[in-house]
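First the structure, in the form of structure tokens, and then the observations on it.
The values are calculated or read from the model by the stated rules, or taken from the named source; none is laboratory data. Because the structure is a prediction, the values reported are computed rather than measured. Ideal geometry is used to build each Cβ from the backbone, glycine not excepted, and the neighbour counts take in all protein chains shown. We work out accessible area using only protein heavy atoms, side chains counted, and drop any ligands, DNA or RNA first. Shrake-Rupley method; radii C 1.70, N 1.55, O 1.52, S 1.80 Å.
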Amino acid sequence: MPVYEIGAKGLYQFVPKLSSLIRQWQPTHIVSALADVGFLTYLAIKYSNQEVCWVHSVHGPHDIITVKPNFMGRLRFKLDNFFAAMVYKKTDKIIAVSNGVRKDILKKFNCSETKVITIYNPVLHKSHFIPKATPPIHSNSPKKIIALGRLTRQKGFDILIQAMQKVPQPWHLEIWGDGEEKENLQRLIDVLD
């Protein structure tokens, strides 16, 4: 399965390159995610003059809590909602990863209930995991909580860090991930320590 870089040298290449690939490969279905990428995907499909079933996947609510508290954050939020409204109107189906995300889309973007479906992220049963030996837990070593994810405002790691201040010791929090909020989270940890 080939992987194509369609915007590596700039987003101005995205629409022409994707529409060229659509004409070349003539797919029956295209799946997109993220409102801005969805909008560019819509333009590429339209520009390709191909008949394609377009499905857009949504992984989180369109909520102000995800916004950085500055001008650029608010602008990004408004643009995201603008693009989302256009994408949701034009796409054939919208896949939400939870009923909460589905309800958010139905309420905020006035989509028909039949257009928005929920397909949950997969959850593996314990029988699918490879068992490993469990190291003995020493009574005097701190219990460890590991939080894993993209370090963005939306994920709420700042709330987790603040909540750990209220947890009786000995507990230890490790956050694994990378993202735009990494430095802010580290500063918060340094202030609270």
In deg cm²/dmol and to the nearest 500, what is the mean residue ellipticity at 222 nm of the chain if only DSSP H runs of at least 4 residues count, each as -39500 (n - 2.57), divided by the residue total?
-12500 deg cm²/dmol
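Anything over 32 Å Cα to Cα? Flag those among LYS78/LYS144; LYS17/LYS89; LYS46/LYS107; LYS107/LYS155; LYS9/LYS78; LYS17/LYS78, in the order listed.
The pairs that break the limit, which is 32 Å between Cα atoms, are LYS78/LYS144.
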If each K or R counts +1 and each D or E counts -1, the residues other than CYS53 whose Cβ falls under 13 Å of its Cβ total +1
I'd like the accessible area for MET72: 1.4 Å probe, protein heavy atoms, all chains in place, Å² to the nearest 10.
120
Could you tell me how many degrees, from 0 to 90 and to the nearest 10, lie between the Cα long axis of helix 14-25 and the main elongation axis, the longest principal axis, of the Cα atoms of the chain?
70
Name the residue, out of ASP178, ASP92, ASP80, whose mean-square fluctuation peaks in a Gaussian network model built on the chain with Cα pairs under 10 Å.
ASP178
Please state the shape class of the stretch 14-119: rounded when a/c is under 1.5, otherwise prolate if a/b exceeds b/c and oblate if not, all from the C-alpha gyration tensor.
oblate
Return an integer: the convex hull volume of the alpha-carbon atoms of the stretch 30-74, in Å³ per residue.
71
Residues of the stretch 20-126: accessible area per residue at 1.4 Å, in Å²?
64
Most fluctuating residue of VAL15, VAL123, VAL167 in a GNM of the chain with Cα springs under 10 Å: which is it?
VAL123
Of the listed values [x] 19.4; [y] 20.0; [z] 18.0, grab the one calculated as Kirkwood radius over Cα pairs in Å from the structure here.
[y]
Please list, in order along the stretch 73-88, the HN-Hα scalar couplings obtained from phi with the Karplus expression 6.51 cos²θ - 1.76 cosθ + 1.60 (θ = phi - 60°), rounded to whole Hz, x for Gly and Pro.
x, 5, 4, 4, 4, 5, 5, 4, 5, 4, 5, 4, 4, 5, 4, 5
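First compute the accessible area of the chain with a 1.4 Å probe, then give the percent of it belonging to carbon and sulfur atoms. Let's see the in-between values first.
Numbers: 8370 of 14000 Å².
Answer for the chain is 60 percent, counting heavy atoms of protein chains only.
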Among LEU34, LEU11, LEU151, whose mean-square fluctuation peaks in a Gaussian network model of the chain (Cα, cutoff 10 Å)?
LEU11
Near the amide H of SER32, under 5 Å away, which other amide H atoms are found, from residues 5 or more places off or on another chain, if H is placed in the peptide plane?
VAL55, HIS56, SER57
If one computes the Cα centroid of the stretch 9-45 and of the stretch 68-91, what distance in Å separates the two points?
19
